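Have a look at the structure below before the remarks.
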Amino acid sequence: MTGKSPITQRTARHGSHKLCKFDLSDLEWTNMIPECPTYHPSEHEFEHPLVYLQKIAHEASKYGICKIVSPIAASNPAAFVLMKEKKNFKFETNVQPLRLSKWNEKDIITFSMRGRKYTYHDFEVLANKAFFSRFHSSRDLPSSYVEKEFWHEMAQGEKGTVEYGVNVEGSAFSCDPNDRLGTSKWNLKNFSQLPQSLIRLVDREIPGITDPMLYIGMLFSMFAWHVEDHYLYSINYHHSGANKTWYGVPGYAASQFEKTVLQHVYCNKIITKHGEDGAFKFLAQKTTMFPPNVMLQHDVAVYKAVQKPGEFIITFPRAYHAGFSHGFNCGEAVNFANGDWFPLGAAASRRYTHLKMMPLIPYEELLCKEAMLVFKSSRVRSSKNKPEDTTSYQAIMLPFMHLMQSYKTSLLRLNSSRKLHSSSNTTGSQICSLCYRDCYVAYLLCKYCFSHPICLFHDIAPQTCLCGRDYTIFKRNDIFALEEAAKSFQQGKECVDKFSLSSIFSCNINDCIKVPEREKSVRGTSFLGVASKPKTKVADSTKHSDERNKSTTKHWRNNGLPSVRGAERPGIIYNLRKRKSKLI
């Protein structure tokens, strides 16, 4: 730990009664948080990660987080990989205050970069010294004891700090062909390219989403309350070192969580508008840490896990989570999703648009690509093997049909006194310069300067580009195939009459469809991270441990206006890093 020794601070403050916004005088509530389920797959079950995760998701998603104990171990530990296989490996750390904020305009927690690069060994030495200074011991301590010490320090802390290596690009999985875990499909370097993974369709590298990131911590290093970008799943592997305590709130309780934070954590003066959306945007800065007993006090479901080396933690879509380290450790995390995620991805995209937040992944492009793959696959199946009744099929089909109908409606409403030229779009997505929505099927763009693209979902949009020339409607050159897929998905259901997007190009830009309505909370579905509350005990195949734990994931988003890559082949430019904790 940096600054004044925390153990010295604690001694100096002994007997004082510092006023704290959160009542932590009695830490027995730490024993009242139920544990999330722990799963012990066999080596056979372990062979196919996303298949196994789908098998347990209906149950596990009700808890927001779950723990999976790996049946195989790494031959080469993280220390060997990061010091021998990656000889020049160094990383910077975040400096985190060890105290709770009042979260008003005068007292807002910020994290800052240390400004020094550590080798893995150098940081291990620093972390072990801090642990010994605090506990006068180098041995592991009971996790329940460390948990109480963490929240006691957070409640009483004033100037103590810790350091945390977050969002460190790289992986601690070994490249050794004899390393069983490294060669398995649970190697997070390969997770995004698994056949069932939607992330395989992203054609650009996004650290933390397409590629894993490392998280190297010390005693009381923390990851603040947050939800994954785009409501994605996350998987975190604990390579080595001290345990981590995790807290998770199920996806079905996300809206209730945000209301509670808005009303009982943040001061009204720092959230001036947007209500829950304001809390969502503030939480996205990844610096809001408060004790989970706030959730207990307001009947918000919250669960706990203690993650040990060799264990994975899964967070489900829209599940808020937070936690801290028990000492020096090394973890690794990456996002993932499968077809069942699309309804949650749609909700996240609507919220990002409403708040004008820059997307990290092209949701619309992923939906269209996956829908076309499903459509082509269904055409070659026999009628008895078609997937129409499966949850995953419905989760892809319905958002895709809604998307295509929205485009049809938008283009129909653009039919007035003026005619717009149309042009084929042969490349990927664009970012709307007004709301940051990603547009894959069609958008407005000046074909002379290729600047300031606009999506088709605004009440008011300019008739001309800033350069003074008329906008052109760019549409995908495979729009007929998208229409055909949408028609096929509509068969057997109540649907609109003739689906004909490609022939509609006579428009009035001032008569556009309104921005999609704000996200509404979703309940009662499975494998979407928004499952109903758990009503029964965990199944027989589930095993619970006595301890609880948590690890880290972090992000960063650039809120500047998007740029366009080229005049001949317009395409989206996303911020290719996950958000880091923003300095307020």
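No lab work stands behind these numbers, since they all come straight from the coordinates. What you are looking at is a predicted structure, and each value in this text was computed from that prediction instead of being measured. Using ideal geometry, Cβ is built from the backbone for each residue, glycine included, and neighbour counts are taken over all protein chains shown.
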> Over the alpha carbons of the stretch 243-324, what is the largest minus smallest coordinate on each principal axis, giving the biggest first in Å?
Replying inline: 44, 25, 21
> To the nearest 0.05, how large is the calculated FRET efficiency for Ser133 and His44 if R₀ is 51 Å and r is the Cβ-Cβ distance?
Replying inline: 0.65
>> Checking the table Lys129/Lys244; Lys67/Lys308; Lys185/Lys376; Lys102/Lys286 against a 21 Å threshold on Cα-Cα, which pairs fail?
In response: Lys185/Lys376
> If you project the alpha carbons of the stretch 198-262 onto the principal axes, what extent comes out on each, in Å, largest first?
Replying inline: 38, 32, 16
> Efficiency by 1/(1 + (r/R0)^6): what FRET value for Leu373 and Val51, r their Cβ-Cβ distance, R0 = 22 Å, to the nearest 0.05?
Replying inline: 0.80
>> When a/c reaches 1.5 or more, the comparison of a/b and b/c decides; with that in mind, is the stretch 13-129 rounded, prolate or oblate per its Cα gyration tensor?
In response: oblate
> How far is it, in nm, from the label point at Asn268 to the one at Asp459 when both lie 7 Å from their Cα along the line to the Cβ?
Replying inline: 2.7
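So if each residue of separation counts as 0.36 nm, and I subtract the Cα-Cα distance between Val69 and Leu466, what length gain in nm does that give?
Between Val69 and Leu466, full extension yields 137.3 nm more.
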> How much length, in nm to one decimal, is gained on full extension between His421 and Glu28, taken as 0.36 nm per residue of separation minus their Cα-Cα distance?
Replying inline: 134.7 nm
> Using the Cα gyration tensor of the stretch 84-135, with a ≥ b ≥ c the square roots of its eigenvalues, what is the shape: rounded (a/c below 1.5), prolate (a/b larger than b/c) or oblate (neither)?
Replying inline: oblate
> What FRET efficiency would be calculated for the residue pair Asp203, Thr390, taking the C-beta separation as r and a Förster radius of 22 Å, to the nearest 0.05?
Replying inline: 0.25
